[in-house]
Amino acid sequence: MCKRMCKRIYKLIKKYDSIVIARHVGPDPDALGSQMALKDSILATFPNKKVYAIGSPASRFKYLGGLDSVDEEVMSKSLLIVTDTPNKKRVDGYMDAAYSIKIDHHPYVEKFCDIEWIDDTSCSASQMVMELIFNTGLVLNKKVAEKLYIGVIADTNRFLFSYTSSKTFELVSRLIRESGIDFTSLYENLYMRPLKEVKFEGFIANNLSITENGFAYLKVTQDILDQFGVDAATAGNMVNNFNFIDDFVAWGMFSIDKGNGDTIRGSIRSRGPVINTVCEEFGGGGHKLASGVRLKDFDQVDLIIDALDKACLEYNSK
């Protein structure tokens, strides 16, 4: 199935002279890594094609590459490839294209592309792009490999998460062997951070609220962001730093995001309770134990906290 799908996608990549690659809003390193690596690989394979990576920039991950802009006319003649995004609503910069492909490792939410390659057993979209490259004539070079490695490392939290599989290790091993990347040097970009973020992490730890059933959370207002000189994405990117605290079983950060219409960005993680179905009720989604949501105000935050607390209660009652 995987090999057939890869060949089918590769055939379409060969067919179109203009290709646009998109991913989800509020991108993480896997979304950007899979997007930018695929762009670089296509250009290395077919230098005469026009390939665009679109979406709002994320300054925290600017080392993964610059982004492009396209208009409706360009998109209408292009092949659109969407990585790491389960539903149309979350695509950053979606426009109707001549033909469209989805490459995603989240559980199925909805069909919005002509071809959809969904593998929710894969650890990341970056792993799926690796498979696409290894099963076709797409070029793997150091620049491509570095971005794919960063995507895998970020989405598995250095292979700590349960959806890391033997297949993940086999593909990463082949990636390192065939590209010759110095993978240890890549961690600096991914994990280096300013002192203000370390102080902010301390603030989070000191101010977490924990419900009776074991859901921990923090509401991050604009005043708090200004106090530490950080943005809405910072708390979301820190959510994985609280994995191994035995006082709660699920946790979330809810940050005001002025750059997106004063909405609330929610990043939620779990060590057991299923959270993606809860997030889907509020227009978000993701994996069973790692999900995200964008809410209109803190009143909605209170509602989802109640729902997540109930999910913790159900889990604890088993």
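Overview of results
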read-out: Whole-number Å³ per residue for the convex hull built on Cα positions in region 195-316; value: 91
read-out: The chain: angle of helix 2-15 to the longest principal axis, Cα-based, in degrees nearest 10; value: 60
read-out: Region 66-119, relative contact order in percent, only Cα pairs under 8 angstrom and at least six apart counted; value: 33
read-out: Residue pairs, from the table K143/K167; K102/K296; K11/K102; K11/K62, whose Cα atoms sit over 25 Å apart; value: K102/K296; K11/K62
read-out: Proximal charge balance of D71 [Cβ under 15 Å; K/R count +1, D/E count -1]; value: -2
read-out: Label-point gap, in nm, between S69 and K196 - each point 7 angstrom along Cα→Cβ; value: 2.7
read-out: Long pairs among K258/K288; K49/K77; K39/K111; K7/K89; K15/K49, criterion Cα-Cα beyond 21 Å; value: K258/K288; K39/K111; K7/K89
read-out: Highest average packing first - 284-291, 185-192, Cβ atoms within 10 Å; value: 284-291, 185-192
read-out: Mean separation of Cα contacts under 8 Å, 6 or more apart, over the residue count of the chain: relative contact order %; value: 13
read-out: Antiparallel bridge percentage (DSSP; both residues within the chain; nearest 5); value: 45
read-out: Tilt relative to the chain, helix 29-45 - C-alpha long axis, 0 to 90 degrees, to 10; value: 10
read-out: Ranked by how many other beta carbons lie within 10 Å on average, peptides 306-312, 24-30 from highest; value: 24-30, 306-312
read-out: Calculated from backbone phi, Karplus (6.51, -1.76, 1.60) coupling profile of region 78-88 in Hz, x at Gly/Pro; value: 10, 8, 9, 10, 10, 10, 6, 9, x, 9, 4
read-out: Total formal charge among the other residues, if their Cβ is under 13 angstrom from that of A216, Lys/Arg +1 and Asp/Glu -1; value: -1
read-out: Relative contact order (percent, whole number), region 1-139, Cα cutoff 8 Å, 6+ residue spacing; value: 28
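Since every read-out is calculated from the coordinates, none of them should be taken as a lab result. Every value quoted in this text rests on a predicted model; they were computed, and no experiment measured them. Cβ sites come from the backbone with ideal geometry, for glycine too, and all protein chains shown count toward neighbours.
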